[in-house]
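Step one of this worksheet: look at the structure below.
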Amino acid sequence: MIKLVKLDRHHRKARSNKGKNEPRNISIVPRYMHIAFHQMFGVMQPDDIATQLTKILDSLNETWVDSDFKLIYKIIAVKREKWKKRSAWYVK
């Protein structure tokens, strides 16, 4: 059986932050993920999202993850034009 998922248009740069309605700025995402993203991050800028993710991951390590393990992470928000200049920052 095929399950249909409702889709939404997500503005990668929020319209309230001068994001445009052009293909480069639009992602088609499942509605439930779109709602979850905005519940967690609202219309935060990438630097603020990185800070929030760091707090979430710290909380996961302190409270939720098996104490025999630790989530190791590195979150950096880098503008596209700087990727080539600072290729060491780009992590796959």
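The values are calculated or read from the model by the stated rules, or taken from the named source; none is laboratory data. All values reported here derive from a predicted model rather than from experimental measurement. Backbone-built Cβ (ideal geometry, glycine too); neighbour counts: all protein chains shown.
Just give me the residues in region 1-17 being small (Gly, Ala, Ser) and assigned to a helix (DSSP H, G or I), in sequence order.
Within region 1-17, just Ser16 meets the criteria.
Is it true that some residue in region 36-55 is closer than 23 Å to Val5 by Cα, in a loop (DSSP other than H, G, I, E, B) and not aliphatic (A, V, I, L, M)?
Yes, because at least one residue in region 36-55 is closer than 23 Å to Val5 by Cα, in a loop (DSSP other than H, G, I, E, B) and not aliphatic (A, V, I, L, M).
Which residues, taken from region 56-72, are among the aromatic types (Phe, Trp, Tyr) and either under 29 Å from Lys3 (Cβ atoms) or within 13 Å of the chain's Cα centre (by Cα) (or both)?
Trp64
Quick check, is Ala14 in the same structural domain as Lys79 (by TED's automatic domain parsing), surrounded by 10 or more Cβ atoms within 10 Å (Cβ to Cβ) and out of contact with any Lys or Arg (no Cβ under 8 Å at 6 or more places or on another chain)?
Spelling it out, it is not the case that Ala14 is in the same structural domain as Lys79 (by TED's automatic domain parsing), surrounded by 10 or more Cβ atoms within 10 Å (Cβ to Cβ) and out of contact with any Lys or Arg (no Cβ under 8 Å at 6 or more places or on another chain).
When residues of region 17-55 are filtered for being under 13 Å from the mean Cα position of the chain (by Cα), among the hydroxyl-bearing types (Ser, Thr, Tyr) and not assigned by TED's automatic domain parsing to the domain that holds Arg80, how many remain?
Residues meeting the conditions: 1.
Hey, any hits in region 67-77 for a residue that's assigned to a helix (DSSP H, G or I) and either modelled with pLDDT of 95 or more or not assigned by TED's automatic domain parsing to the domain that holds Val5 (or both)?
Kept after step one, since they are assigned to a helix (DSSP H, G or I), are these residues of region 67-77: none.
No, region 67-77 contains no residue that is assigned to a helix (DSSP H, G or I) and either modelled with pLDDT of 95 or more or not assigned by TED's automatic domain parsing to the domain that holds Val5 (or both).
Is there a residue being exposed (fewer than 12 other Cβ atoms within 10 Å of the Cβ), in contact with a helix residue (DSSP H, G or I) (Cβ under 6 Å, 6 or more places away or on another chain), charged (D, E, K, R) and part of a loop (DSSP other than H, G, I, E, B) anywhere in region 18-26?
There is no residue in region 18-26 that is exposed (fewer than 12 other Cβ atoms within 10 Å of the Cβ), in contact with a helix residue (DSSP H, G or I) (Cβ under 6 Å, 6 or more places away or on another chain), charged (D, E, K, R) and part of a loop (DSSP other than H, G, I, E, B).
Can you confirm whether region 10-20 contains a residue that is touching a His at 6+ places or on another chain (Cβ under 9 Å) and modelled with pLDDT of 95 or more?
The answer is yes, given that some residue of region 10-20 is touching a His at 6+ places or on another chain (Cβ under 9 Å) and modelled with pLDDT of 95 or more.
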